[in-house]
1. Out of the residues in the stretch 321-358 meeting the condition of being touching a strand residue (DSSP E or B) at 6+ places or on another chain (Cβ under 7 Å) and more than 6 Å from the ligand (Cβ to nearest atom), tell me which one is nearest to V76 (Cα to Cα).
2. Looking only at strands (runs of 3 or more DSSP E) that fall completely inside the stretch 49-141, which ones have 2 or more residues that are surrounded by 16 or more Cβ atoms within 10 Å (Cβ to Cβ), β-branched (V, I, T) and touching a residue at least 40 places away in the same chain (Cβ under 8 Å)?
3. Tell me, yes or no, whether the stretch 365-376 has at least one residue that is outside the structural domain of I185 (by TED's automatic domain parsing), under 21 Å from A50 (Cα atoms), more than 10 Å from the ligand (Cβ to nearest atom) and in contact with a Cys (Cβ under 9 Å, 6 or more places away or on another chain).
4. Within the stretch 338-359, can one find any residue that is among the hydroxyl-bearing types (S, T, Y), closer than 15 Å to P70 by Cβ and not assigned by TED's automatic domain parsing to the domain that holds L189?
5. Determine the pairs where a residue that is farther than 15 Å from E42 by Cα, located within the stretch 197-226, has a partner that is assigned to a helix (DSSP H, G or I) and small (G, A, S) with Cβ atoms under 6 Å apart, the partner being 6 or more residues away or on another chain.
6. Taking the criterion of being more than 9 Å from the ligand (Cβ to nearest atom), within 18 Å of the chain's Cα centre (by Cα) and part of a strand (DSSP E or B), would at least one residue in the stretch 296-308 satisfy it?
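The values are calculated or read from the model by the stated rules, or taken from the named source; none is laboratory data. As the structure is a prediction and not an experimental result, all values here were calculated from the model. Positions of Cβ are backbone-derived with ideal geometry, glycine not excepted, and every protein chain shown enters the neighbour counts.
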Amino acid sequence: MPISSGRSMKYVDEYRDPDLIRQAAAEIRRLAAGDRHFRIMEVCGGHTHAFYRFALEDLLPPNVELIHGPGCPVCVLPMGRVDAGLSLAIDHGVILATFGDVMRVPGAGGTPLQHVARGVDVRIVYSPLDALELARRNPARHVVFFAIGFETTAPSTALTILRARELGVGNFSVLSNHVTIVPAIKAVLDSPGMRIDGFLGPGHVSTVIGCRPYEFIARHYGKPLVVSGFEPADLLQAMAMLLRQLHDGRAEVENQYRRAVAEDGNAAALRALSEVFELRAFFEWRGLGFITHSALCIKPEFAQWDAERRFDVPPVVTADPVAAQCGEVLKGVLKPHQCKLFGRECTPERPVGALMVSSEGACAAYHAHALRSGRADAGIVEEIGT
Ligand code: SF4
């Protein structure tokens with residue numbers, strides 16, 4: 001498929017070219033023709049967001065079903081970790097610094113934002129380096145950076161810890177909630193009753209880890225995976241590549257996002273990760289439960305910058321609200337609008353579950369799509385929530 005026609009080098013325009021999108025959609029319809037039903041998981045929350053932002057699901061034939069995967073870091077953050085972070089600010093008087101999305105993730109006693117209204121010192125930062133700078137400007141206070149994200153953001157946390165060591169900043173530490181994508185995909189594949197025909201592989205994570213870590217999916221599970229970019233033509237081309245493999249009876253790892261993803265990933269980022277982090281024995285994922293070797297903790301030699309060690313943070317397990325069906329949505333068992341709370345008790349303004357918080361969350365993406373198509377105003381968010 002000629003992604004770059006040569007008539008213009010405006011990247012975004014090219015990847016949103018209506019002719020290209022029509023061609024890709026026609027190819028998908030041709031490859032999906034017949035009675036077979038295809039269940040394709042887009043692993044990455046950014047892909048979920050793009051599918052709904054550009055209304056790409058409307059271009060897929062009805063027998064190609066999207067299953068939204070666990071690749072939204074805010075969505076898989078369990079409530080207990082939010083509570084553990086807040087307890088550092090409440091019980092130890094630290095400044096808790098984190099990304100804006102985390103501010104609206106509910107813990108047992110409310111969101112970090114609600115705690116701010118009660119006088120708890122939680123602040124938004126745009127990068128871990130901002131949190132380090134906050135510590136340097138507040139030498140009388142301890143600053144804990146509440147770190148979340150997959151391998152995409154973990155290197156910047158690792159580099160910040162290395163920087164803190166280099167500068168000798170002693171009033172700064174990190175509460176690491178970094179997770180790794182491959183064990184989560186494996187957990188999905190091992191879920192009883194899970195039927196997935198193929199995967200759209202995550203674009204951002206793959207810029208760091210490359211394509212090779214996915215090879216077991218093709219080899220051991222016989223499922224194809226295509227790493228995809230985020231523009232409409234990217235996603236439709238990647239979908240066509242997946243369907244072509246299924247059509248031909250192949251299961252391989254392919255890379256549609258070659259302009260950003262190298263087969264072996266980013267060596268400098270991987271080096272920083274392995275210098276600072278090691279795998280935890282197990283970690284709780286919202287909706288997926290405890291998964292072994294699926295998250296990153298800070299190595300003992302950096303204990304001074306590890307909030308868990310410095311403050312002896314106990315493991316906190318907080319159950320989700322009983323009516324929330326985030327787990328079923330994260331595992332692809334339910335569509336977001338099939339959750340009993342969708343569009344009623346749970347909205348982007350008043351999220352009950354984390355999937356409604358981040359723009360990459362499947363529930364937030366569905367809700368925004370319903371609003372854009374005018375259905376929410378017409379009460380159809382109510383209707384599809386039934
Ligand atoms: S609608 Fe809310 S409670 Fe239901 S699955 Fe989505 S985020 Fe969770």
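1. L330
2. Correct list: 64-71, 95-98.
3. no
4. yes
5. V208/A269
6. yes
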